[in-house]
1. With each label point set 7 Å from Cα along the Cα-Cβ vector, what nm distance links THR254 and ARG467?
2. Work out from phi, with θ = phi - 60° and the Karplus expression 6.51 cos²θ - 1.76 cosθ + 1.60, the ³J(HN,Hα) of each residue of segment 258-272, listed in order in whole Hz, and give x for Gly and Pro.
3. Could you go through segment 104-118 in sequence order and give the Karplus-derived ³J(HN,Hα) for each residue, using 6.51 cos²θ - 1.76 cosθ + 1.60 with θ = phi - 60°, rounded to whole Hz, and x for Gly and Pro?
4. Would you kindly find the accessible area of MET425, with a 1.4 Å probe and non-protein molecules such as ligands, DNA and RNA excluded, rounding to the nearest 10 Å²?
5. Can you give the extra length, in nm with one decimal, that the chain gains between THR293 and GLN315 once fully stretched, where that is 0.36 nm per residue apart less the Cα-Cα distance?
6. Using a cut-off of 22 Å between alpha-carbon atoms, which lysines can reach LYS216, once sequence neighbours fewer than 8 places away in the same chain are excluded?
7. Given the Cα-Cα distance of VAL203 and ASN379 and 0.36 nm per residue of separation, how much length would full extension add, in nm?
8. Contact order normalised by length for segment 353-463, with contacts defined as Cα pairs under 8 Å and 6 or more residues apart; what percent is it?
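The values are calculated or read from the model by the stated rules, or taken from the named source; none is laboratory data. Everything quoted here is computed from the prediction, not taken from an experiment. Because the Cβ atoms are built from the backbone with ideal geometry, glycine has one as well, and the counts that use them run over all protein chains shown. When the accessible area is computed, the model is the full protein with side chains, heavy atoms only, and any ligands, DNA or RNA have been set aside. Shrake-Rupley method; radii C 1.70, N 1.55, O 1.52, S 1.80 Å.
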Amino acid sequence: MRKTLGWLLSLVVLIGTMGAAGSTAQAATAAQPAAATDIKDQILGIPGMSLIEEKPYPGYRFFVLNYEQPVDHRQPWKGTFKQRLTLLHKDVSRPSVFFTSGYNVSTSPRRSEPTTIVDGNQVSLEYRFFTPSRPDPANWSNLDIWQAASDQHRIFTALKKIYKKNWLATGGSKGGMTATYYERFYPRDMDGVVAYVAPNDVVNDEDSAYDRFFAKVGTKECRDKLNAVQREALVRREPLEAKYAVAAAENGWTFTTVGDLDKAYEAVVLDYVWAFWQYSLLADCASIPAAATASDQQIWDSIDAISGFSAYADQGLETYTPYYYQAGTQLGSPDIKLPHLKGLSRYGYQPPRNFVPRDIPMTFQPGVMADVDRWVRDNAHQMLFVYGQNDPWGAEPFRLGYGVRDSYVMIAPGANHGANVAKLMDGEKALATAKILQWAGVAPAAALADAGKAAPLAAPDAQLDQRDLEREPQLRP
């Protein structure tokens, strides 16, 4: 009997203990947050976001995505299109960088320089109207810098709910322009802007800055050598155009948009000097042939390597129709004097209208770039502009006025269109790095106290950090 009572008492105590323990466990469970939702599920939980594919990369998650955007942000009820973007996910506790090239987006994992500096996440956006991110049917009047900035604003607003730390906008060339325009229209979105080699063609019909640039860039010996090859290519127009016709037949190139092979040929040749300084260095002048003694093949090879004979064929122009449309409606395009080609050039620098199919209407809006220029001069806040000393597109840069705050323009000595923070002089490189870290909210105490101690937070990665340089002739920044 005692054994039975003892057993029953033990059972009651055990049940009571278990019940108490269960209550404690339930209370503890209720107090703890639910397990974090996978980042992919969080991203795809955003209305309008869909997955194209996920690609593995060590230390990151990399997603190729579509986001549903209004064709016209002013009239969103008039239809939508899918805009492609990528997301290189590091961690929601890290800052994020919003990158655009201003053209198509790369679907391979890539990391811009600011992303490496801050060791952050990166959102990369395809510019509207670059295929496949093009509305169908395409109303080209909806391709302008405000609509593109509004694309970025909607995506930022959606992703900021997940990536709550600081954000920076960046891009190079047309991407640097895009980052600047985004800041102009939505200045409260980003915590900082790093714009690389961003042209600023304020007055489209006034291009003397480019003439002054080409009169002084590099050395006289190199300038004369390049000018001589360019001139010789027009002197030998007949035999070299015969080679062009053969190449066109072999490659299936046609010239409906530009008009004919002769116009395309001259456009390629006129790109030659500009494209050399855009993509090459002064040291590369040693590889330029001596025009007086060069064979037709040597002249052809040099022009093709630097300018690219496919550029103004219909097949080369098609991808860049959105850019040429913008150049002819808002961005502007350079038109420089070419005294060494007097009597040989039939067309001069051809306008963007010549590179856009005639069924797409175009009207230039002269006040758009002047508005952006004024805004940057008066209102820039935590903006960094980096240019290359020998880059033609830097001849008309963004400049800062007295009203700006914590903003900078820096020039990399001897650099071309690939100029970046790493190529700046040591003092400016340290300052730029420190500012990027500070704006991103991740500056170490040592860097805050001494800019000379600022350094990128992420380890170098040869694959992630490579720059996808497209072969872009003179009219494409």
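1. Between THR254 and ARG467, the label points sit 3.6 nm apart.
2. For segment 258-272, the Karplus curve yields 6, x, 6, 4, 5, 5, 5, 4, 5, 4, 5, 5, 5, 6, 3 Hz.
3. Running phi through 6.51 cos²θ - 1.76 cosθ + 1.60 with θ = phi - 60° gives 5, 9, 6, 9, 9, x, 9, 9, 6, 4, x, 5, 5, 4, 9 Hz.
4. Estimated to the nearest 10 Å², MET425 gives 110 Å².
5. Details: separation 22, 0.36 × 22 = 7.92 nm, distance 3.33 nm.
This chain segment gains 4.6 nm when fully extended.
6. Correct list for LYS216: LYS225, LYS337, LYS342, LYS423.
7. Numbers: separation 176, 0.36 × 176 = 63.36 nm, distance 2.00 nm.
Full extension from VAL203 to ASN379 adds 61.4 nm.
8. Values: 143 pairs, mean separation 21.0, N = 111.
Relative contact order here is 19 percent.
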